[in-house]
Amino acid sequence: MTMGNVIKKYRKNKGMTQEEMASRLGVTAPAVNKWERGNTLPDVALLAPIARLLGITTDELLSFKDELTDEEINQYLSKIQKELEGKGFYDVFLSVKEMIEKYPNCEKLIWQVAVILDANRMAIKLPNKDNYDNVIFGWYERCLLSEDERIRNQAADSLFHAFVRKKDYEKASHYLDYFSMENPERKRKEALVNSKTGKRTEAYRAYEELIYCGYQHIQMVLNDLRILYMEDDNHEMAKKLVEVSSSAASTFEMGKYNEVCFGLDVAAWERDVVWTAQLMQEILDSVGTIGDFTKSELYQHMTIKSVDSNFLVGLKQELLKSLRDETFNYMQGNEDWEKLKSVL
């Protein structure tokens, strides 16, 4: 809270006009006005007289911080939650407004109290709950100007869902601009709006694309994590992640090939002859299923090209050639492996 805001608050509490305060301090009314607007600060010699006149300490007069610590914010939020359980919503709302007036630049506080009050008025089915829209939405709007991307996104998310609840989908769509085009949350929200505005096919397609892209991202993360465990010589977790990857491929209906292809690097790392031969056989046998996900009902609204037959032939040839790689030297002499090599 700036010194100007402190002066203004306590002057009003005393019921004084700017002219009356100026007269008692021996300054002009424009001077007081400039203090309260933050254009200038009082002379040091006036600090003690101002504090006495306002009935506060000089420490209170000088305590003009714009931010609260995370601990202070969390303590205040806990206090608000308890007060909402024991007091009327309106009383708590007024108390929060006063707190925000004291810390008008504390964006984290503003966003979080807005969320709490917004959720609470919906949960208790508050009469005339829409009367609070202008103030609560105004707090969210202030947070949209934050330099902190996280706070901007959270405020935009709150406003988006608020207008979806009101079935004002045009207004809700306005807040999508606060999410980057690469953010999957933007696409999910667009799909929600489409589903509510008669664009059902577009909504289905967007949701399916999110499922497909989400699956790809999950597999990349699982692969990276598997490599990390292999680097740390953790065989148990490396094998577990192979199982998870295979299960994910099955759950998302990606086809047999994608269910069996994940363990080969771990089998080679462990130099597990039986497992390696079994996996390679399964991989070669299922090459033709690599594009089976295009037949899944999970992706029926997506436009996906079928896998070219020449690609499948080439992939199988590359797999057969890999049988002679140095990586698989430990497989030399294995009967099943030698049978696979003879196909080439």
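The values are calculated or read from the model by the stated rules, or taken from the named source; none is laboratory data. The shown structure was predicted, so the numbers you read here are calculated from the model rather than taken from an experiment. Glycine gets a Cβ as well: all are built from the backbone with ideal geometry, and neighbour counts include every protein chain shown. Keep in mind that these areas ignore ligands, DNA and RNA; they rest on the heavy atoms of the full protein, side chains included. Shrake-Rupley method; radii C 1.70, N 1.55, O 1.52, S 1.80 Å.
Candidates are the residues of region 110-129 that are of a type in the set (Gly, Ala, Ser) and open to solvent by 30 Å² or more (accessible area, probe 1.4 Å); the one that is nearest to His161 (Cα to Cα) is Ala119. Within region 166-179, residues that are over 17 Å from Arg152 (Cα atoms) and open to solvent by less than 80 Å² (accessible area, probe 1.4 Å) have Cβ atoms under 8 Å from residues that are in a helix (DSSP H, G or I) and β-branched (Val, Ile, Thr) in these pairs: Tyr169/Val193, counting only partners at least 6 apart in sequence or on another chain.
Are any of the residues in region 313-322 polar (S, T, N, Q) and more than 32 Å from the chain's Cα centre (by Cα)? Yes, some residue in region 313-322 is polar (S, T, N, Q) and more than 32 Å from the chain's Cα centre (by Cα).
For region 266-291, the set of residues classified as closer than 30 Å to Asn234 by Cα and either under 34 Å from the mean Cα position of the chain (by Cα) or part of a loop (DSSP other than H, G, I, E, B) (or both) consists of Val266, Arg271, Asp272, Ser286, Ile290, listed by residue number. For region 69-88, the count of residues that are farther than 26 Å from Ala162 by Cβ, outside any helix (DSSP H, G or I) and open to solvent by 40 Å² or more (accessible area, probe 1.4 Å) is at least one. Applying the condition of being part of a helix (DSSP H, G or I) and farther than 20 Å from Asp133 by Cα to region 148-165 and asking which residue is most open to solvent (accessible area, probe 1.4 Å) yields Arg150. Of the residues making up region 184-198, those that are open to solvent by 40 Å² or more (accessible area, probe 1.4 Å) and either assigned to a helix (DSSP H, G or I) or in contact with a helix residue (DSSP H, G or I) (Cβ under 8 Å, 6 or more places away or on another chain) (or both) are Pro184, Glu185, Lys187, Arg188, Glu190, Lys196, Thr197.
Inspection of region 237-246 finds a residue satisfying the criterion of being more than 25 Å from Glu338 (Cβ to Cβ), without any contact (Cβ under 8 Å) to a residue 40 or more places away in the chain and of a type in the set (S, T, N, Q).
In this structure, Arg11 qualifies as closer than 19 Å to Lys102 by Cα, charged (D, E, K, R) and either surrounded by fewer than 18 Cβ atoms within 10 Å (Cβ to Cβ) or modelled with pLDDT of 90 or more (or both).
Scanning region 292-317 for residues that are aliphatic (A, V, I, L, M), open to solvent by less than 80 Å² (accessible area, probe 1.4 Å) and either under 20 Å from Cys261 (Cα atoms) or outside any loop (DSSP other than H, G, I, E, B) (or both) yields a count of 4. Looking for something open to solvent by 80 Å² or more (accessible area, probe 1.4 Å) and over 26 Å from Lys295 (Cα atoms) - is there at least one such residue anywhere in region 247-267? No: zero hits.
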